[in-house]
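Worksheet for the structure shown next.
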Amino acid sequence: MTRGLAQAYVTGGALLVGTLLITALGHPVGAQTGPARLEEHEGFEDLGDLGEMPAAECGRCHEADLAEHLASAHARAFDDPLFQREWRQNPEPYCIPCHSPRTASPLAHPVLASAGVDCVTCHVRDGAVLAATVSGEAPHPSRVDPTLAGVEACARCHQVDVRHRPGTPLQNTVAEWEAAGEPGTCQSCHMPSRAGRHRHDTPGGYSRELLSRALTVRARAVHDGWDTRVDLELEADDVGHAVPTGDVFRRLVIHAWDASRPGEGRTVELGRAVGRVDGRGAYDDRVPPPGGGPRHVTIRLPGRVTEVGWSIELWSLPRDQATRAGLATAPLRRVMDEG
């Protein structure tokens, strides 16, 4: 969709980014507690060796939760092509707690590694199934863990420093949320309650529903001498962190073009880089969290254009890096807004 030029203003509610990818609690289950069996109680079901128990066992009772989880980014935490790209180049043990929490040896236990961040990762400790609330009717030992309903459940993987560089965040989502002073928790948006239970597909940066609410975009195009200046103002809306958040690979890609020549145009990318140890090369020009003000972007097009088109996309990886890695670009990009 295009807008006529001259002094055209465009205001729209738009998108998010997200989030989110990989949430996990603690360390690999096998490494943390060793092989464990649920204590046998009369009327309770023996769930077997928790160190090897697949999430499918949980689905025998929690069918809807499991189906949602299997469609989530958590379930793909280890198999995700972007992670595998990095892992093949540099298989750091530092990555395991958040990408292969079921086993400390992904090569020796590929099935457990492929499970990603699953039910056992977040809900099983010391022979009991953890939950934010417990009814007392479950056919297995249960224990209340209120942290599962709070930010603590997500912070261990979504607020992480660069290895060997304390104070330099690799993932900074929780700090961004704290800076925004937003009410609620991560679960408020990413595990909302529905029909008496919380969603387990943890929607985020791949969710059109959340993307459509994350940003307010105001666009203005004017003739400026012999050129056309496209000014866009992007401001965080119904989102609790910066846009984009999470991995430093993510980019917000803003593109503007002459509507009569849609195959051409100019592009600006917003993102974050941690830079070198001495700080050189570090930058952060993303859309700030709510309360941090708007991000202004200007794109100049040659000529006095009569109609301008623009779009905002979320990329999980910059296009040039995806091309070099031989990754298909279509799954890496989501159109967030356009005008």
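Among the residues of this structure, ARG229 counts as one that is crowded, with 16+ Cβ neighbours inside 10 Å, over 28 Å from ARG208 (Cβ atoms) and either in contact (Cβ under 8 Å) with a residue 40 or more places away in the chain or in contact with a Gly (Cβ under 8 Å, 6 or more places away or on another chain) (or both).
Considering each residue of region 64-108, count those that are in a loop (DSSP other than H, G, I, E, B), closer than 26 Å to ALA330 by Cα and of a type in the set (A, V, I, L, M, F, W, C), and give that number. Residues that pass the stated criteria total 4.
Annotation: of all residues in region 80-130 being of a type in the set (Asp, Glu) and closer than 28 Å to ALA149 by Cβ, the one that is surrounded by the most Cβ atoms within 10 Å (Cβ to Cβ) is ASP118.
Test ARG88 against the stated conditions and say whether it is out of contact with any Gly (no Cβ under 9 Å at 6 or more places or on another chain), at pLDDT 90 or above and either more than 27 Å from GLN321 (Cα to Cα) or not assigned by TED's automatic domain parsing to the domain that holds PRO331 (or both). Taking the combined requirement at face value, the residue satisfies it. Taking region 273-296 as the range and being among the small types (Gly, Ala, Ser) and in contact with a Phe, Trp or Tyr (Cβ under 9 Å, 6 or more places away or on another chain) as the test, the residues that pass are ALA273, GLY275. Restricting attention to region 314-332 and to residues that are exposed (fewer than 12 other Cβ atoms within 10 Å of the Cβ) and of a type in the set (A, V, I, L, M), the residue that is nearest to the chain's Cα centre (by Cα) turns out to be ALA330. Note on region 289-313: among residues that are in a loop (DSSP other than H, G, I, E, B) and within 23 Å of the chain's Cα centre (by Cα), the one that is surrounded by the most Cβ atoms within 10 Å (Cβ to Cβ) is PRO289.
Between VAL174, VAL134, VAL111, VAL117, the distinction of being at pLDDT 90 or above and assigned to a loop (DSSP other than H, G, I, E, B) belongs to VAL117 only.
Restricting attention to region 284-306, the residues that are within 21 Å of VAL174 (Cβ to Cβ) and of a type in the set (Val, Ile, Thr) total 1.
Quick check on region 257-268. Is at least one of its residues part of a loop (DSSP other than H, G, I, E, B) and either within 30 Å of SER188 (Cα to Cα) or at pLDDT 95 or above (or both)? Looking for residues that are part of a loop (DSSP other than H, G, I, E, B) and either within 30 Å of SER188 (Cα to Cα) or at pLDDT 95 or above (or both), one finds none in region 257-268, hence no. Cβ-Cβ distances below 7 Å connect the following pairs, each with a first residue in region 176-195 that is within 15 Å of THR147 (Cα to Cα) and touching a residue at least 12 places away in the same chain (Cβ under 8 Å), a second residue that is in a loop (DSSP other than H, G, I, E, B) and hydrophobic (A, V, I, L, M, F, W, C), and a separation of six or more residues or different chains: THR185/VAL151; CYS186/VAL151.
Screening ARG324 against (1) at pLDDT below 90; (2) under 29 Å from ARG163 (Cα atoms); (3) among the basic types (Lys, Arg); (4) in contact with a Phe, Trp or Tyr (Cβ under 8 Å, 6 or more places away or on another chain) leaves a single unmet condition, (4).
The values are calculated or read from the model by the stated rules, or taken from the named source; none is laboratory data. What you are looking at is a predicted structure, and each value in this text was computed from that prediction instead of being measured. Using ideal geometry, Cβ is built from the backbone for each residue, glycine included, and neighbour counts are taken over all protein chains shown.
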